[in-house]
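What follows is a short report on a single structure.
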Amino acid sequence: MTTTLAFPALLRLIDERSSAFRAAVASAPSLDVQVPTCPEWTLFDLVQHIGEGRRSWAATVAAGPAAPAKSVPEGAPAAPREREAQPAWLAASTQELLDALREAGPDRGCWTWWGASQSPQTCGAVARHQLQQIAVHTYDAQVTVGAPEPLPDEVALDGVEEFLFTCVATTSAWPHKPTAFDFHATEGHSWRLTVDGDGARSTRIPAPGTTPVAAADEGPDVAGVSVRGTASELVLFVYDRIPADSLQIDGDAGLFDLLRAWEPEE
């Protein structure tokens with residue numbers, strides 16, 4: 001069974017993925033090119049999103065659990081248009097976030113947008129989600145320069161569960177027939193997302209070929225659909241970076257369309 005990454009590992013990997021992001025941006029012939037996986041953005045837009053977003057989350061973490069909303073950093077420098085100034089600006093943005101997280105520690109409360117999810121409203125959960133954000137956007141930058149790389153294994157294995165716990169879990173009723181989605185990473189880890197009248201919730205389950213899935217979950221004995229791929233492929237799939245035909249899907253693939261179209265009430 002996989003375990004959640006420890007806080008020091010999350011911070012280390014945020015730093016590593018941020019360095020990889022800067023390297024991809026630096027190799028681009030122009031920042032005016034469109035990002036294929038985020039077609040509404042140019043590469044400069046992506047740079048701006050990464051830098052400003054990390055500074056905003058740094059301010060939110062520093063504001064503490066009493067903050068009523070995401071914080072806007074005061075006096076933060078705008079993303080520079082000059083390419084030679086961007087690496088330092090991006091590195092400083094990452095460092096602000098890492099410093100704020102280290103100062104706060106993993107257990108301190110923090111405002112988050114995922115209040116009704118399976119992820120806690122803590123700085124540790126913020127770090128966990130921030131890692132996935134920079135990892136996926138690093139992939140975006142790499143795709144843009146024609147050099148996409150899989151997400152590192154430890155990032156991706158944590159990323160499948162982080163997405164399910166943070167971005168999907170809800171107490172809003174599923175408006176369709178109750179069902180389950182199984183996610184199997186070829187590295188040997190599996191998760192089940194169950195959706196019904198009580199909402200959506202996920203749990204780790206034994207990988208196929210070990211303990212029967214039904215024994216590990218109170219939901220349906222058989223999932224309505226299952227998807228199999230590397231952990232990196234699963235993360236990129238759930239974030240809509242790669243198509244379904246990049247993975248092995250068994251069962252009713254149309255259920256994924258229903259899941260993506262679902263807008264739970266807050």
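If R201 passes every condition in (1) modelled with pLDDT of 95 or more; (2) closer than 28 Å to G115 by Cα; (3) open to solvent by less than 70 Å² (accessible area, probe 1.4 Å) but one, which one does it miss?
So R201 meets the others, but not (3).
Looking at (1) within 22 Å of S117 (Cα to Cα); (2) at pLDDT below 95; (3) small (G, A, S), which one does A215 not meet, given that it meets all the others?
The failed condition is (1).
Could you please tell me which pairs satisfy a Cβ distance under 8 Å, a separation of 6+ or placement on different chains, a first residue in segment 172-196 that is free of Cβ contacts under 8 Å to residues at least 24 places away in the same chain, and a second residue that is open to solvent by 40 Å² or more (accessible area, probe 1.4 Å)?
S190/R204; S190/P208; D196/A173; D196/P178
Any residue at all in segment 110-117 that's buried (at least 17 other Cβ atoms within 10 Å of the Cβ) and part of a helix (DSSP H, G or I)?
Taking every residue of segment 110-117 in turn, none turns out to be buried (at least 17 other Cβ atoms within 10 Å of the Cβ) and part of a helix (DSSP H, G or I).
Name, by its number, the condition in (1) buried (at least 19 other Cβ atoms within 10 Å of the Cβ); (2) not in a helix (DSSP H, G or I) that does not hold for S71.
The one condition S71 does not meet is (1).
For segment 5-34, how many residues meet the condition of being crowded, with 17+ Cβ neighbours inside 10 Å and in a loop (DSSP other than H, G, I, E, B)?
Final tally of qualifying residues: 3.
Quick one: which of T37, T2 is open to solvent by 10 Å² or more (accessible area, probe 1.4 Å), among the hydroxyl-bearing types (S, T, Y) and at pLDDT 95 or above?
Exactly one residue qualifies, and that residue is T37.
Within segment 182-190, does at least one residue satisfy the condition of being at pLDDT 95 or above and more than 24 Å from P148 (Cβ to Cβ)?
yes
Please find, within segment 78-95, the residue that is nearest to the chain's Cα centre (by Cα) out of those that are surrounded by 13 or more Cβ atoms within 10 Å (Cβ to Cβ) and part of a loop (DSSP other than H, G, I, E, B).
Looking at the filtered set, the residue picked out is A79.
Going by what's in this entry, would P148 be described as more than 26 Å from T170 (Cα to Cα) and either touching a strand residue (DSSP E or B) at 6+ places or on another chain (Cβ under 7 Å) or open to solvent by 10 Å² or more (accessible area, probe 1.4 Å) (or both)? Don't jump to the end; show me each part of the working.
Details: more than 26 Å from T170 (Cα to Cα): yes; either touching a strand residue (DSSP E or B) at 6+ places or on another chain (Cβ under 7 Å) or open to solvent by 10 Å² or more (accessible area, probe 1.4 Å) (or both): yes.
The answer is yes for P148.
Filtering segment 126-143 down to residues that are of a type in the set (A, V, I, L, M, F, W, C) and open to solvent by less than 10 Å² (accessible area, probe 1.4 Å), which residue is farthest from E162 (Cα to Cα)?
Top of the filtered list is A141.
Looking at segment 151-181 only, could you name the residues that are open to solvent by 10 Å² or more (accessible area, probe 1.4 Å) and of a type in the set (D, E, K, R)?
Selection gives D153, E154, K177.
Could you check segment 220-237 and list, in sequence order, the residues that are touching a Leu at 6+ places or on another chain (Cβ under 8 Å), in contact (Cβ under 8 Å) with a residue 12 or more places away in the chain and closer than 26 Å to V35 by Cβ?
V227, G229, A231, S232, E233, L234, V235, L236, listed by residue number.
Which count do you get for residues in segment 146-177 that are over 18 Å from R260 (Cβ atoms), assigned to a loop (DSSP other than H, G, I, E, B) and not hydroxyl-bearing (S, T, Y)?
Result for segment 146-177: 7.
The values are calculated or read from the model by the stated rules, or taken from the named source; none is laboratory data. All of these numbers come straight from a predicted model, not from anything done at the bench. Here the Cβ is made from the backbone with ideal geometry for all residues, glycine too, and neighbour counts use every protein chain on show. To get the accessible areas, we keep the full protein, side chains included, count just its heavy atoms, and leave off ligands, DNA and RNA. Shrake-Rupley method; radii C 1.70, N 1.55, O 1.52, S 1.80 Å.
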